[in-house]
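Data first, discussion second: the structure below is written as structure tokens.
The values are calculated or read from the model by the stated rules, or taken from the named source; none is laboratory data. No experiment lies behind these values; they were computed from the predicted model shown. Counting neighbours? That spans all protein chains shown, and the Cβs are built from the backbone with ideal geometry, glycine included.
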């Protein structure tokens, strides 16, 4: 079975059972962002995590194996995304990416923010002019090594 087929089955079962990503994360014992990413095919789950997700979703136990495999990371094509929300995130990187890079280098030196030792959180922030989305990236700084 292909990993993409498992993702489709996860999405169909989630929809059919009326489950939220938060409920799935609670069953798996992980953060909702990480769990969502794993169930969409971007992380590898432990056997226990995959078994818990498969059970809650009512999927065939054979899906556990696919959920525990090391994935091919990167779910987007290399072209500019067309989904409006994903496009806006891409636009933020296009507009502010060099600014973020400059400020990180000024604060930490020459290096990168890890996407491996990394956490992401999404929050709703109440605002009288309309609720706001707060996205927090929290990654370990990795300085470039000299040799």
Within region 37-64, work out how many residues are surrounded by fewer than 17 Cβ atoms within 10 Å (Cβ to Cβ) and within 14 Å of residue 10 (Cα to Cα).
7
Checked 100, 122 against criteria (touching a strand residue (DSSP E or B) at 6+ places or on another chain (Cβ under 8 Å) and surrounded by 11 or more Cβ atoms within 10 Å (Cβ to Cβ)); the one match is 122
Residues satisfying the stated conditions in region 46-87, i.e. within 17 Å of the chain's Cα centre (by Cα) and at pLDDT 95 or above:
46, 49, 50, 53, 67, 68
Over region 23-33, the set of residues modelled with pLDDT of 95 or more and part of a helix (DSSP H, G or I) is 23, 24, 25, 26, 27, 28
In the set 60, 79, the lone residue that is in the same structural domain as residue 16 (by TED's automatic domain parsing), at negative phi and not in a helix (DSSP H, G or I) is 60
Would you check if residue 90 is more than 17 Å from the chain's Cα centre (by Cα), over 21 Å from residue 34 (Cβ atoms), part of a helix (DSSP H, G or I) and not assigned by TED's automatic domain parsing to the domain that holds residue 43?
no
Given the conditions (1) touching a residue at least 60 places away in the same chain (Cβ under 8 Å); (2) over 15 Å from the mean Cα position of the chain (by Cα); (3) under 21 Å from residue 134 (Cα atoms), which single one is not true for residue 113?
(1)
When both residues are 6+ apart or on different chains and their Cβ atoms are under 7 Å apart, which pairs have a first residue that lies in region 22-40 and is assigned by TED's automatic domain parsing to the domain that holds residue 50, and a second that is not in a helix (DSSP H, G or I)?
25/31; 33/120; 33/121; 33/122; 34/43; 37/43; 38/45; 40/75
Condition check for residue 16: modelled with pLDDT of 95 or more and closer than 24 Å to residue 122 by Cα
no
Any chance region 107-122 includes a residue that's closer than 24 Å to residue 33 by Cα and either assigned by TED's automatic domain parsing to the domain that holds residue 37 or in a loop (DSSP other than H, G, I, E, B) (or both)?
no
